[in-house]
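Structure record follows, encoded as structure tokens.
Since every read-out is calculated from the coordinates, none of them should be taken as a lab result. The model shown is predicted, which means the values in this text are computed figures rather than measured ones. In this analysis, Cβ positions are derived from the backbone assuming ideal geometry, glycine residues included, and neighbour counts consider all displayed protein chains.
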Amino acid sequence: MTKRTPLIAGNWKMNLDHLQAIALIQKLCWTLNDADHNWDQVEVAIFPPFTDLRSAQTLIEAEKFEVRLGAQDISKYESGAYTGEISGSMLSKLGAKYVLIGHSERRQYHNESDELLNAKVKAAWANSLVPIICVGETLEELETQGQSAVPVAQTIAALSGHETIGEFVIAYEPVWAIGTGKVATPAEAEAVSKAIRAAILENFGGESAQSRILYGGSVKAANVAGFLASGEVDGVLVGGASLDAEEFAGIARFQKHIVL
Ligand code: PEP
């Protein structure tokens with residue numbers, strides 16, 4: 001079994017203009033380099049707004065920072081008359097490696113359906129981007145269907161029907177835990193991660209089942225280690241805490257808090 005490199009991903013959402021983005025990236029990289037961050041053992045990725053990507057790419061490449069770049073969304077279309085959309089080829093030309101697909105805020109506020117998200121996954125692969133497919137249940141779904149049913153169904157919906165399956169990451173983010181300060185327990189995150197991995201194995205085969213599964217929802221430096229200790233959860237997707245360089249660097253240094 002190949003080892004899954006933990007991924008610490010920071011979703012900035014609609015925060016920070018391109019100048020503020022430069023300041024945060026510089027601070028983050030200086031903080032991590034100072035702390036002897038082992039870039040081979042923990043991958044760190046940031047997801048700034050689209051308008052920051054060019055500045056972020058220039059800085060990251062010029063300074064040879066090892067932090068990876070990702071986008072918060074992608075169009076299902078390749079090009080053409082789709083006002084306001086951003087294509088996968090535009091993102092990969094700006095140095096993006098990852099793209100978030102189906103964040104609960106996009107499902108909720110932009111009515112993004114499983115069918116649309118499936119097409120976005122295809123667009124990501126067509127442009128050599130790695131989709132981070134966000135899945136998770138609302139509080140109502142948790143109460144009526146339990147914790148795993150919705151994230152498992154959303155995972156299968158995003159990955160079904162493709163001719164070939166490329167690299168992907170799943171981010172399990174209970175909607176009730178995003179930006180609320182409410183956190184799933186490490187045992188809950190582990191159980192849902194196991195259920196998602198079992199469903200991937202059953203539906204898409206062994207190689208896909210080696211994909212990374214992250215937890216997201218009110219993660220901070222103080223609670224990250226609990227999620228990653230068991231080895232079932234392969235990283236975290238962080239919202240609010242990724243806007244603070246010290247805090248985000250503290251999350252990326254989670255191994256220091258794990259007692260083996
Ligand atoms: C997110 O938006 O993906 C997220 C997990 O947010 P927060 O960490 O702020 O809960």
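Which of 28, 159, 9 sits closest to the plus end of the dipole of region 7-255, meaning its Cα is farthest towards the positive end, when Lys and Arg get +1 and Asp and Glu get -1 on the C-beta?
With unit charges placed on the Cβ atoms, the residue in question is 28.
7 Å from Cα along Cα→Cβ at both residue 116 and residue 61: what's the point-to-point distance in nm?
Placing both labels 7 Å along Cα→Cβ, they lie 3.1 nm apart.
Order the peptides 64-76, 152-164 from the highest to the lowest mean number of other Cβ atoms within 10 Å of their residues.
Final packing ranking: 64-76, 152-164.
Charges at C-beta only: +1 for Lys and Arg, -1 for Asp and Glu. How large is the resulting dipole of region 7-255 about its Cα centre, in Debye rounded to 20?
320 debye
Enter the mean projected area of the convex hull around the alpha-carbon atoms of region 22-112, in nm², rounded to one decimal.
It is 6.9 nm².
Quick one: length gained pulling residue 140 to residue 194 fully straight, 0.36 nm per residue minus the C-alpha distance?
Gain on stretching residue 140 to residue 194: 17.2 nm.
Largest first and in whole Å, give the semi-axes of region 7-255's equivalent ellipsoid, each being the square root of 5 times a Cα gyration tensor eigenvalue.
Working: eigenvalues 131, 104, 55 Å².
Equivalent ellipsoid semi-axes, largest first: 26, 23, 17 Å.
For residue 50 and residue 27, compute 0.36 nm times the residue count separating them, minus their Cα-Cα distance, and round to one decimal in nm.
On the way: separation 23, 0.36 × 23 = 8.28 nm, distance 2.02 nm.
Difference between extended and current length: 6.3 nm.
With a 10 Å radius around each residue's Cβ, average the other Cβ atoms per peptide and rank 176-185, 245-254, highest first.
The packing order, highest mean first, is 245-254, 176-185.
In the chain, what % of DSSP beta bridges are antiparallel (nearest 5)?
Looking only at bridges with both residues in the chain, the antiparallel portion is about 0 percent.
Compute the label zone of residue 126 within region 159-188: residues whose backbone N is under 20 Å from the point 7 Å along Cα-to-Cβ.
159-169
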